[in-house]
1. Hey, what's the chain come to in accessible area per residue, 1.4 Å probe, Å²?
2. Rg to Rh for the range 197-295: what is it, with Cα atoms only and Rh by Kirkwood?
3. Write out the trypsin sites (Lys or Arg not before Pro) in the range 177-273 meeting two conditions: DSSP loop, and at most 15 other Cβ atoms within 10 Å of their Cβ.
4. Please list, or write none, the lysines whose alpha carbon is within less than 17 Å of the alpha carbon of Lys212, excluding same-chain residues fewer than 8 places away.
5. Once phi is turned into θ = phi - 60°, what whole-Hz ³J(HN,Hα) does the Karplus curve with 6.51, -1.76 and 1.60 give for every residue of the range 57-67, x standing for Gly and Pro?
6. Could you list the GluC sites (Glu not before Pro) in the range 1-92 that lie in coil according to DSSP, counting only those with at most 10 other Cβ atoms within 10 Å of their Cβ?
7. Which lysines, if any, have their Cα less than 16 Å from the Cα of Lys30, not counting same-chain residues under 8 positions apart?
8. With no solvent and one equal point scatterer per Cα, compute the Debye intensity ratio I(q)/I(0) for the range 21-90 at 0.13, 0.25 Å⁻¹ and report its log10, rounded to two decimals.
Amino acid sequence: MKPRVVVITGASAGIGLAIAKQLLPRKDLKLVLTARASSLSRFDELGIEASDRVWLRPLEVTLEEDRARLIDEINQAWGGVDVLINNAGITYRSVIEHVTEKEYLHQMGVNFRGPMELTRLVLPGMREKQDGLVLNVSSVGGMMAMPTMGLYSASKFAFEGASEALYYELRPWNVKVCLLQLGFIRSDAFMKVPYTQHSRCASSNPRDGYFKHYECMTRFIGNWMRRSLTSPEKVARRVERMIDRKRLPLRVKGTPDAVLFSLMRRLLPAPFYHWVLYRNLPCIHLWGKAPFQQR
C-alpha cells in the first residue's frame, strides 16, 4: 500500500516530539515534522534526520505563506496529506484583565486560527481521496476553564467548536475528525509558559490584587503536572493507535483527569459543579486580599 503522509505540527518538543519519535520507525508512513524556524536545530540535537520519508520543515502556523508553502510542497511531491496532527500550541498565563488585544490575537492565532487554516488547506485532497484524518490535540481547557488560563481556554473552546462542525461536514467523504482531550501531562512545560506583559508584572508584585491568583495557581498546576501518571510518550502511543483505527469518536479523553472532569461536568448540577471547583481552587481564601498597587 502507498505510505500515508502524516504532518505533525509543533514536533520539536513535548507531545509533538514524542509523537514523532513514536512514528519514526513506521516504514508505512511518510512524516512531515514541523517546528518554528528557530526550533529546527532541535531535531539535529535529538538525532532526528531528514530522509526520503521524513521531512523537517519550518512552519509558523500563524503565517499564511508558511502554511500554503508547506501544503503545496506536500501536494506536489507526495500527493497530499493523509493525517494532519494539529499539535502546536501556546498557553499564556494571565487573568483576563491583564491581556492586551495583541496577546489575545496571538493566542487565538496559534491555537485556533492557524490550525484551522492549515486544516482547510488539506481538506480538498482528503475529500478527493475520500479518506483522511484530522487529529486535533485539545485539552480539558476546551471543556472547562481555570483562573489565569482564560485566554487559553477561549482558544480551545473555539478549537473544539470548529472541530465538532468539521466532524459532521466531512463524514460524507469518510474524512475523520477527532479531538484528543488531554489533562495534566507529566513534564516541566508549566515552567515555560509565557506571561503577558501585565501578568508578568503582577505575578512578581505582592501588592498587586491578582498576586495570589498567580502564585497559587502556578504552584497548583506545577504539582498536578509533576504528579501526573500520563507522560508525553504515553500520549504518543495513544495517538499511534488512533491513526490506525478505522473509526474514531469525535472526542477521545487522553488522560484520567480528562475523564474525571468530563464526568463531573456531565453529572453534577451546574451550580454545584461550579461551587465544587471554586472551593477547591488553591488558597482561595487568600485571593484578592492583597491591596491593589497605587497607580
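1. Heavy-atom accessible area per residue stands at 51 Å².
2. Working: Rg = 18.8 Å, Rh = 16.8 Å.
Expressed as Rg/Rh, it is 1.12.
3. Numbers: sites: Arg186, Lys192, Arg200, Arg207, Lys212, Arg219, Arg226, Arg227, Lys234, Arg237, Arg238, Arg241, Arg245, Lys246, Arg247, Arg251, Lys253, Arg265, Arg266; in loops: Arg186, Lys192, Arg207, Arg245, Lys246, Arg247.
Answer in residue order: Lys192, Arg207, Arg245, Lys246, Arg247.
4. Cross-link targets: Lys289.
5. In residue order, the calculated couplings are 10, x, 8, 9, 5, 7, 9, 4, 5, 5, 4 Hz.
6. On the way: sites: Glu45, Glu49, Glu60, Glu64, Glu65, Glu73; in loops: Glu49, Glu60.
Those that pass, being in a loop and sparsely packed, are Glu49.
7. Here the lysines satisfying the reach criterion relative to Lys30 are Lys2, Lys21.
8. So the normalised log intensities work out to -0.38, -1.42.
The values are calculated or read from the model by the stated rules, or taken from the named source; none is laboratory data. Fair warning: this is a prediction, and the values are worked out from it, not measured in the lab. When we count neighbours, we look across all protein chains shown, and the Cβ atoms used for this are built from the backbone with ideal geometry, even at glycine. Only protein heavy atoms, including side chains, enter the accessible area calculation; ligands, DNA and RNA are left aside. Shrake-Rupley method; radii C 1.70, N 1.55, O 1.52, S 1.80 Å.
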